[in-house]
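Bear in mind that the values in this text are calculations on the coordinates, not laboratory data. Note that the structure is predicted; figures quoted are calculated from it, not measured. Note that each Cβ is placed from the backbone with ideal geometry, even for glycine, and that neighbours are counted across all protein chains shown.
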């Protein structure tokens, strides 16, 4: 089995000198959004300049705090698991050129998904699914609007409903719309989200099911 894995990794070698600051990479269950419940290999990249005060991974913000890994090493680690959906997250992953990473993942048979705030000037990489999760703290680049497959807005207070609606006219009709409570405000905001979705059925509720189920 080990020999087979080595041979497979060799066959998909990117021969790229590119490296990326990887904060962590792990195999788990996607807990949010359109792919909730699916097995996924998460690659969390360091670096973010959005600055959400309620961010639960602030340690990802400083890209220099995380070791650079080669594309080949990232792919080799991903092949240890049977799932073939990769989720690139952060931080803000589009701070980096993701062309080589997504090409190598797709060559290895992975579906490539990303979650991004959309603030960066360029959407690099080849994506099967783009989750656009805008934040009030920094305006997104309008380029993301026509690329998004999913809009996921974090609801921290009442004004966030209007913030979420402000993007809908610019998105493709097929873009899925999700509202998700900020975890520390769940008791207060989740009942409001329920009422909102009942009155605006074009939206769906996204729950952080991995937190409810205590899945890493």
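Numbers for the structure displayed
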item	result
Inter-label distance for residue 159 and residue 209, nm, one decimal - labels placed 7 Å from Cα along Cα-to-Cβ	3.3 nm
FRET efficiency estimate (nearest 0.05) - Cβ-Cβ, residue 122 to residue 188, R0 35 angstrom	0.40
Burial ordering of 170, 35, 41, fewest other beta-carbon atoms within 10 Å first	170, 35, 41
Residues 214, 195, 128, 100, sorted so that the one with the fewest Cβ neighbours within 10 Å comes first	214, 195, 128, 100
Difference of contour (0.36 nm per residue) and Cα-Cα distance, residue 34 to residue 59	6.4 nm
Relative contact order [Cα under 8 Å, 6+ residues apart], the chain, whole percent	17 percent
Gained length - residue 17 relative to residue 172, 0.36 nm times residue gap less alpha-carbon distance	52.2 nm
Where N is the number of residues in the chain, Cα Rg divided by 2.2 N^0.38 Å	1.03
